[in-house]
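Trainee: Okay, here's the structure, questions in a sec.
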Amino acid sequence: MVAVFTFTRSDNDILQELLRVFSSGRCTAREQWSMQAELLVEPVGWDALWKLSKDFCKKFEVRYPCVAYITVMSVNFEDLSANVDVLRVQHEAVSLPESIVSVPLIELWPTIKQREQCVNAASTAEFIDLMRFFYDNIWMPWDDQDDKVLLPNTIEDRMNLWMELHNGTIPNYIARSITLLRTSAINAHQKLQELDSSLCEGDFADDDDSLLPPNYISLCAELNARLDGLMSKWTLYENPLIREQYLVKTMKKYQRNKSKKNVIALWQGGDIAEFKNITKFLETRVTYDHTLTITMSAEEALSLEPNEVVVCSKQYEIPEISLSQITLCSIGGATLKASDMRSCLLMLSDVCQIQDMTLHCSSVNTVIVMLSGTLHVKNCMLLDDSSNFQSDFAQGIVAMSGAKVILEDCTFENFYSGIVIHKGAQMELRNCLIKKCGVGIQMYSGAQVKLDGVIVEECTEQCIRCEMENGIVKTEMDGLEMINCKIGSGDLQKEIYVTQDVNM
């Protein structure tokens, strides 16, 4: 893909630019951005990379994330969107319509090289970059309600909160709660929009409530009440004076329980026999040196900064959140799925453990991304049985530079890439099975991989693919060690493919 404009701004620079956008204090957030867009965004003829939103990926039945190279045919400044023509897609096997309407501008990254020389792509890209920051980090759902005017002091308060979340002023265990709070509010707002969209599509008469879809009124009432509750709680963090006092209170409570290991049991409820079984299991893991909380909500559980989460129901959907220094286990092999379409199921770092679980790739591109630190996965099944995507590029585990991953008694099934090990990462597999993948194991130069008692079978492309840095010519891969393994047909010259990665 072609290069795009990127910008490096200080936090204060971002704040000052946002204050300039909202300096009038007389319009809604969208109206302010629309007026600025008419001045700074090229109306037609510029090229960009389009990073499809989750909604577009669902609409076109492609796995998220997906990137396309497009040209803008027209810009709707009022809606802050563009009508585009698709020139090509990142993955050739994925197809999109030639022309697509109403693509949000914040999903577009203008390219440095433009086919039309007269286009001022730099100013367009800079404006969109700032607007994207606002909607990704500052905007809240209630900003669009009842023609609300977003004042500069609100922008300043939220920007200061964002800075404190990212510079360490707010401790990580509280920052996680604030992040989840904002995510919950946005999700509730999106569900309300989906309900309204379904009503418009149904063409119901405005004055006849009997024709409304079942539970429509009650669902709207519940979501609006939830949104109001989240807005009240958000005020505790947004207002700097209240935030300071609330943080002191929260930190004192945390310090009182800091010496004890925090264990959270996730249970959706059930009969007394199931509860007795759960109690017996927890008694084997929890002592007087632990604090134990039982909750139904995965969002609430992860916001409590747990050291260990025990999944007690057969299946749970988990929200999108980065986790560190955590143990995930289950009673009887529970299944974890994503609550909505996103890039990965689990984003992990530091020291983490996962045991006795099925990790499902539905709605995500990758099951586990280990950013750094050590991960131990034992007795787990990682699989992808999705069938509604045009082309599947799902991955099981991705180990980034600095990560060390130990997999023991695990099965990987039906991925494009079962395991991916990047330069500077270490991976050890013990008694694992990888089957029905495109590429069983993909490793890069500088990665260390040890396979002990591993079976790789039924892969459509290669059992093991080793990608060398450009300019290095080898027929064998350094860093790959195998003991008592069965790799495909057993002919390692055929089953282990060494190639060069020109884009590394």
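Trainee: Loop by DSSP (not H, G, I, E, B), at most 16 other beta-carbon atoms within 10 Å: where is the longest site-free stretch of the chain for chymotrypsin sites (Phe, Trp or Tyr not before Pro)?
Mentor: Values: sites that count: 7, 204, 288.
The longest such stretch corresponds to 289-504.
Trainee: Would you work out what percent of the accessible area of the stretch 314-500, with all protein chains in place, is carbon or sulfur (probe 1.4 Å)? It would help to have the intermediate numbers written out before the result.
Mentor: On the way: 3240 of 7610 Å².
Looking at the stretch 314-500 in its full context, I get 43 percent from C and S.
Trainee: Ignoring any ligand, DNA or RNA, what whole percent of the accessible area of the stretch 51-132 comes from carbon and sulfur when the probe is 1.4 angstrom? Before the final figure, lay out the partial values.
Mentor: On the way: 1910 of 4020 Å².
Here it works out to 47 percent.
Trainee: Taking 20 °C and 1.002 mPa s as the conditions, I'd like the Stokes-Einstein D for the stretch 11-138 in µm²/s, using the Kirkwood hydrodynamic radius from alpha carbon pairs.
Mentor: The calculation lands on 140 µm²/s.
Trainee: From the backbone phi of the stretch 306-320, what are the Karplus-calculated ³J(HN,Hα) couplings (6.51 cos²θ - 1.76 cosθ + 1.60, θ = phi - 60°) in whole Hz, Gly and Pro given as x?
Mentor: These are the phi-based 3J(HN,Hα) values: x, 7, 9, 10, 10, 8, 9, 9, 5, 8, 9, 9, 10, x, 7 Hz.
Trainee: By what distance, in whole Å, do the Cα atoms of the chain stretch along each of the three principal axes, largest value first?
Mentor: 71, 63, 51
Trainee: Restricting the calculation to Cα positions, tell me the Rg (one decimal) and the Dmax (whole number) of the stretch 209-291 in Å.
Mentor: In order Rg, Dmax, the Cα atoms of the stretch 209-291 give 20.5, 57 Å.
Trainee: With Rg and the Kirkwood Rh both taken from Cα atoms, where does Rg over Rh land for the stretch 242-401?
Mentor: Numbers: Rg = 16.8 Å, Rh = 16.9 Å.
Radius of gyration over Kirkwood radius for the stretch 242-401 works out to 1.00.
Trainee: Quick one: dipole size for the chain, taken about the Cα centre, charges +1 on Lys/Arg Cβ and -1 on Asp/Glu Cβ, in debye to the nearest 20.
Mentor: 2000 debye
Trainee: Tell me which aspartates and glutamates have Cα within less than 16 Å of residue 58's Cα, excluding those fewer than 8 residues away on the same chain?
Mentor: Filter leaves 107, 194, 340, 392.
Trainee: Please work out, to two decimal places, the log10 of the ratio I(q)/I(0) at q = 0.12, 0.13 Å⁻¹ from a Debye calculation in which every Cα of the stretch 314-500 carries one identical scatterer.
Mentor: -0.52, -0.62
Trainee: With a 1.4 Å probe and every protein chain left in place, work out the accessible area per residue of the chain in Å², rounded to a whole number.
Mentor: Value returned for the chain: 50 Å² of accessible area per residue.
Trainee: A further question follows. Of the listed pairs 233/423; 260/378; 191/378; 113/436, which have alpha-carbon separations greater than 32 Å here? Write out the running numbers ahead of the final one.
Mentor: Numbers: 233/423 43 Å; 260/378 25 Å; 191/378 36 Å; 113/436 41 Å.
Beyond 32 Å: 233/423; 191/378; 113/436.
Trainee: In the stretch 24-130, which trypsin sites (Lys or Arg not before Pro) are in a loop and have at most 11 other Cβ atoms within 10 Å, using DSSP for the loop call?
Mentor: Taking the stretch 24-130 and a limit of 11 other Cβ atoms within 10 Å, the loop trypsin sites (Lys or Arg not before Pro) found are 26, 113, 115.
The values are calculated or read from the model by the stated rules, or taken from the named source; none is laboratory data. Computed from a predicted model, the values in this text were never measured in an experiment. Cβ sites come from the backbone with ideal geometry, for glycine too, and all protein chains shown count toward neighbours. Surface accessibility is based on the protein's heavy atoms, side chains included, excluding ligands, DNA and RNA. Shrake-Rupley method; radii C 1.70, N 1.55, O 1.52, S 1.80 Å.
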